[in-house]
Structures are given as C-alpha cells and as structure tokens.
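**Student:** A single structure is presented below for examination.
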Amino acid sequence: MKKSSARSKRLLDHSLLVLGATAMAGALGAVTLAPGVSSASSHREAPLIAGDPRADNTDVYAFTSPDKSDTVTLVANWIPFEEPNGGPNFYSFADDARYHIKIDNDGDGTADTTLTWRFRTTVRDAANQFLYNTGPVRSLDDPNLNVRQSYDLTATRNGRTTVLARNAPVAPSRTGVASMPDYATLRGQAVRPLQVAGGGKAFAGQADDSFFADLRVFDLLYGGNLSERGQDTLAGYNVNSVALQLPKKFLALRGDTARNPVIGVWSTTERNGVDVSDSRKARGWRQVSRLGNPLVNEVVVPLKYKDAFNTLNPSQDHTVKPVVDKVYDPILPKLIQKVYGIPAPATPRDDLAEIYLTGICKACGPIKADLNAQRLNKDAAVRRIVPAEELRLNMAVPPAAHPNRLGVLAGDLAGFPNGRRLTDDVLDISLQAVEGAAQSGTLVPALAEGDKVNANDVPFGRSFPYLALPHVKDVNTAGSRAVEQSSARTNASVAFGGAGALLLGAGGWRLRRRKRA
C-alpha cells in the first residue's frame with residue numbers, strides 16, 4: 001500500500017501536467033462547446049471538468065437487473081444540471097470524445113473489459129433551419145427531427161475489440177410536449193439489442209438525473225445547524241445517460257460467475273489531444289473524467305488533487321499518497337466534529353479503505369464479512385491485486401425483494417456499497433459511513449435523518465433502462481413543487497428516521513455476527 005513518496009509525487013506531477021495541458025481545452029470548451037445553460041450547471045466535483053459538461057461523468061450505477069437476474073445493468077450519466085428547456089441547442093454527447101464503462105474482474109485496477117461509445121451528430125437542414133425539430137416527432141426516423149445522434153458501441157478485451165452495436169440511435173433531448181407528444185415511445189425505440197452471446201440491451205439518450213440529494217451539504221454541512229435540508233437540488237434536471245444490460249458471464253473473470261462473481265466498475269471520458277480549436281485534429285487521447293464510487297472526488301480527495309484524480313487509472317491509486325492518506329484520515333469527519341461537535345472516529349480508517357479501495361472481505365479489513373472484494377474471486381491472483389477506487393459488485397447477491405435505500409448498512413446486501421442501484425441513498429449512506437457506521441453498526445443520532453431527501457423526485461422504471469423520463473418543465477417553475485416535496489419528505493423522514501435507526505442497528509448486528517463467525 002505504501003510506496004515511496006518520491007514516486008508518488010512524480011506520478012501526481014505527471015497527472016497535473018496532463019491536466020494542465022487539457023485545461024485550455026476544457027476552459028475553451030466552456031465557451032464554445034457547452035450547451036446553452038451550462039454556465040450555471042455541473043455536479044462540479046473538480047475544477048477543470050466543471051468547465052466541460054459534455055465530458056463530465058456525474059454518476060455510475062451497477063446492479064443485478066431486478067427483472068432479469070442473470071444480467072447486470074450498468075448506467076453512466078454525463079452533462080449535469082440540464083435545464084429541460086435549454087434550447088434551441090439542446091443536449092448531445094460530444095462527437096470528439098470517447099465515453100467508457102470499464103470492468104476490472106481480477107482486482108489489478110486495470111480494465112479487463114472496456115465498453116466504448118463513439119457518437120455522431122447529423123443535421124438534416126443546417127443551412128435553412130435553427131430548430132432542433134421542425135414539427136411533432138413521433139419516431140426516431142421522423143423527418144421533423146432535425147438534429148439527431150447515433151453511436152457505435154464496442155467491447156475491448158484481451159487486446160481485441162468487437163462491435164456490440166453499430167449506428168444505434170440516441171433518444172433525442174425531450175424538447176417539449178408539443179414537439180414530442182409520446183416521448184416514452186420515442187425512448188423505447190432507442191433500446192437496441194446487442195451482439196453479445198446470451199443477449200443484451202443498450203440505451204443512450206436523455207433521462208431524469210437519477211442522483212438525489214440536498215447539495216446544501218456544501219454550505220457548512222446544511223447551514224451549520226442542520227437547517228438547510230429536505231430539498232432535492234437535482235429535482236427537475238436532466239442528464240445524458242448510457243445504459244447496458246449484459247449477461248453476468250460476459251463480465252465475470254473467465255466467464256465463470258460461480259467462481260468469480262465480483263467485478264469492479266468505473267466510467268471515464270477521454271478527449272483527443274489539446275487543440276482547443278478542434279480536438280479531432282490532434283493526436284493522443286487524454287482521460288479527463290473518472291467516476292466509480294459516488295462522492296469520493298467530491299468529499300474525500302483534497303481540492304489540490306481533484307483534477308489529477310480524474311486522470312488516474314485505478315491501478316495508480318495506491319501510488320498517490322496524498323489521495324490515499326485522505327481515505328485513511330478523511331477530512332469530512334473532522335469538519336463534522338468542528339461544526340456539530342460529533343467526535344471523529346479514530347484513524348487510520350481501515351473501514352473506509354475497505355469500502356473504497358479493496359472491497360469488503362474478511363481478509364481485507366475490520367468489516368469481517370465476505371461481500372465484494374475481488375480477492376473473493378477464486379481465479380484472481382492475490383499477489384496482483386492492488387487497492388483501487390472502484391464501484392464493486394458481487395453479482396452472486398440476488399436482487400432484494402424490498403430494496404432499502406440505506407443498502408448494506410440496513411442489511412440489504414444488494415445495495416450500495418455492493419454496487420449501486422438507482423434508489424440507493426448514497427449521500428446518507430456515505431455520511432454515516434465516514435462517521436464509522438459500517439464498522440460500529442450504530443447510526444450517528446444527530447445525522448440520522450441525513451439530508452432528508454430519501455428518494456428521487458420521480459419514480460424509476462421497472463424494466464430496462466429503468467431511468468425516469470426526462471423532465472419538460474422549467475426548473476425555476478418547480479419551486480412550489482420543491483417546497484411540497486420538502487414538506488412531504490420532512491413528514492416522511494420523521495417516520496422513516498426511527499425505522500432507519502432500527503435497520504441500521506440490524507445491519508450492524510449482522511456485520512458483527514459475521515465478524516464473530
């Protein structure tokens with residue numbers, strides 16, 4: 001785990017140089033490439049990527065498909081804070097970027113399967129028309145759809161690249177009820193089969209932003225007195241999503257899900273070169289965004305290293321001492337102690353290293369449960385496994401009949417941090433985890449209600465791609481709705497708070513029992 005500080009600094013310096021070179025592209029991108037309202041929007045986890053929304057990963061999800069348990073669904077989102085009516089240039093994937101979801105099934109921090117999307121934009125009439133659509137759009141090949149995108153999807157394994165989908169259509173931005181009177185049908189036409197043994201499905205297009213949280217947590221932890229809670233900051237906004245449903249055998253080491261059920265997942269974006277006028281003319285792909293576990297770059301990585309973190313491969317994480325140190329000695333518990341007087345757990349935080357860097361297993365750290373470390377894969381070479389920040393999923397855990405928003409902390413082993421479902425309340429889970437709940441099994445009473453946003457503003461679907469349809473109302477007209485949601489959630493939180501404490505106690509008991517076992 002510990003490498004020489006000189007090597008770490010060299011690697012970090014190299015990453016900073018790469019970011020420095022791409023910074024100009026990102027900064028200009030904010031002016032020339034970003035959609036119309038981007039100046040006011042981004043999940044904003046790192047300074048440079050906040051200026052390039054089309055390359056900005058916002059969230060990654062990986063879970064066993066609830067209605068098709070022999071498959072895993074992977075979802076990745078980009079372009080944060082899309083205002084639904086931000087036209088006439090609506091939201092599209094970048095043609096000059098490469099979007100990836102990567103799978104590490106042997107624990108060495110390097111992708112064993114890389115899934116890559118490349119997008120193309122076509123305009124039917126760019127010379128005489130300014131509208132995204134020139135009339136009602138009732139199908140993806142409707143001539144009224146003036147601007148459209150398609151994509152190729154490939155999988156690269158063992159140095160060999162195969163095509164999973166070619167020239168597949170992207171579901172368009174939802175420009176309004178008059179323009180797209182039956183958007184659900186349009187979205188359904190964008191779900192396409194994959195050329196994969198055992199079958200599979202793919203979707204790309206606009207969707208509701210599936211992340212829910214009160215981001216006033218960044219105002220000195222909810223206003224310094226827990227007064228600023230209960231409003232879903234992401235309510236009403238859209239994102240651009242890609243989603244895949246793949247056979248578990250396709251993802252497992254050696255295709256053997258019985259012996260090797262654990263995978264690590266993260267997404268990345270790459271831009272080509274540093275030519276700020278047109279990156280397609282330059283050579284050399286550069287990773288500019290990366291996302292595995294939620295909130296790691298936001299609240300674990302120090303500001304100085306956030307941009308560099310976005311350039312790293314997980315295999316490099318354990319060599320970057322300034323970042324690793326903040327996993328073992330995190331900033332957030334100290335801030336909570338300063339603001340609320342809640343004592344920070346003792347360091348080093350081996351429990352957090354287990355959650356974020358190694359996966360949870362009896363041999364990995366203080367949480368004595370065999371859950372989702374690649375060490376559990378019987379064909380993985382233990383000597384090659386390195387600590388790496390990945391979203392880990394044990395595919396052998398079946399879907400929960402009644403998913404709990406608090407996931408593993410509440411005894412629901414099919415939820416975060418064993419993968420991540422759309423309904424997992426990752427902000428509340430993460431807040432409790434940094435306060436030591438995963439190890440102690442005890443909910444921190446003062447933070448028991450978390451941010452008081454316990455669910456998404458709109459329900460998710462029951463079949464692939466599960467994502468909610470994009471919003472069409474202006475976000476600034478949703479104020480009254482937000483207040484209503486806040487009030488409803490406050491009342492609901494009173495009821496669920498006690499239940500949550502009981503569930504957390506049960507979860508802790510389960511973990512302690514596993515420890516004794």
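**Student:** Going 7 Å from the Cα of Tyr340 in the Cα-to-Cβ direction, what parts of region 398-432 have a backbone nitrogen less than 13 Å from that spot?
**Tutor:** 428-432
**Student:** Could I ask something else about it? With +1 on the Cβ of every Lys and Arg and -1 on the Cβ of every Asp and Glu, and nothing else charged, how large is the dipole of region 400-463 about its Cα centre, in debye rounded to the nearest 20?
**Tutor:** Charge dipole, region 400-463, about its Cα centre: 240 debye, nearest 20.
**Student:** What ³J(HN,Hα) values, in whole Hz, does the Karplus curve 6.51 cos²θ - 1.76 cosθ + 1.60 give for region 377-391 when θ = phi - 60°, with x put for Gly and Pro?
**Tutor:** Once θ is set to phi - 60°, the couplings for region 377-391 become 6, 5, 9, 7, 7, 4, 5, 9, 6, 10, x, 8, 7, 9, 7 Hz.
**Student:** Using 0.36 nm per residue of separation minus the Cα-Cα distance, give me the extension gain between Asn158 and Ser227 in nm, one decimal.
**Tutor:** Gain on extension, Asn158 to Ser227, equals 19.6 nm.
**Student:** Once phi is turned into θ = phi - 60°, what whole-Hz ³J(HN,Hα) does the Karplus curve with 6.51, -1.76 and 1.60 give for every residue of region 289-306, x standing for Gly and Pro?
**Tutor:** Result, rounded to whole Hz: 8, 8, 7, x, 6, x, 6, 5, 5, 5, 10, 10, 6, x, 3, 4, 10, 4.
**Student:** Let me ask you something else. Could you calculate the FRET efficiency of Lys249 with Lys362 from 1/(1 + (r/R0)^6), where r is the beta carbon distance between them and R0 is 22 Å, rounded to 0.05?
**Tutor:** After rounding, the FRET efficiency stands at 0.25.
**Student:** Moving on. Taking region 344-422, how much of its Cα-Cα pair set, in percent, is spaced more than 16 angstrom apart?
**Tutor:** Working: 1589 of 3081 pairs.
That fraction is 52 percent.
**Student:** How long is the gain from Thr122 to Asp67 if the chain were fully straight, where each residue apart is worth 0.36 nm and the alpha carbon distance is subtracted?
**Tutor:** Gain in length upon complete extension: 16.3 nm.
**Student:** For Val137, list long-range residues whose amide hydrogen, built 1.01 Å from N in the peptide plane, is under 5 Å from its own amide hydrogen.
**Tutor:** For Val137, the qualifying residues are Met180.
**Student:** Rule-of-thumb check for region 163-239: C-alpha Rg over 2.2 N^0.38 Å?
**Tutor:** Expressed relative to 2.2 N^0.38 Å, the Cα Rg reads 1.63.
**Student:** Can I ask one more? Quick one: which of 146-155, 126-135, 358-367 comes out on top by average Cβ neighbours within 10 Å, and what's the full order, highest first?
**Tutor:** 358-367, 146-155, 126-135
**Student:** Ordered by residue, what ³J(HN,Hα) values in Hz, to whole numbers, does region 209-215 give under the Karplus form 6.51 cos²θ - 1.76 cosθ + 1.60, where θ = phi - 60° and Gly and Pro are x?
**Tutor:** Per residue, the Karplus-derived 3J(HN,Hα) values read 5, 6, 7, 10, 5, 9, 7 Hz.
Taken together, the values in this text are just the output of simple stated rules run on the coordinates, not laboratory data. Here the structure is a predicted model, which is why all the values come from computation and not from measurement. Positions of Cβ are generated from backbone atoms using ideal geometry, with glycine treated the same way; all protein chains shown enter the neighbour counts.
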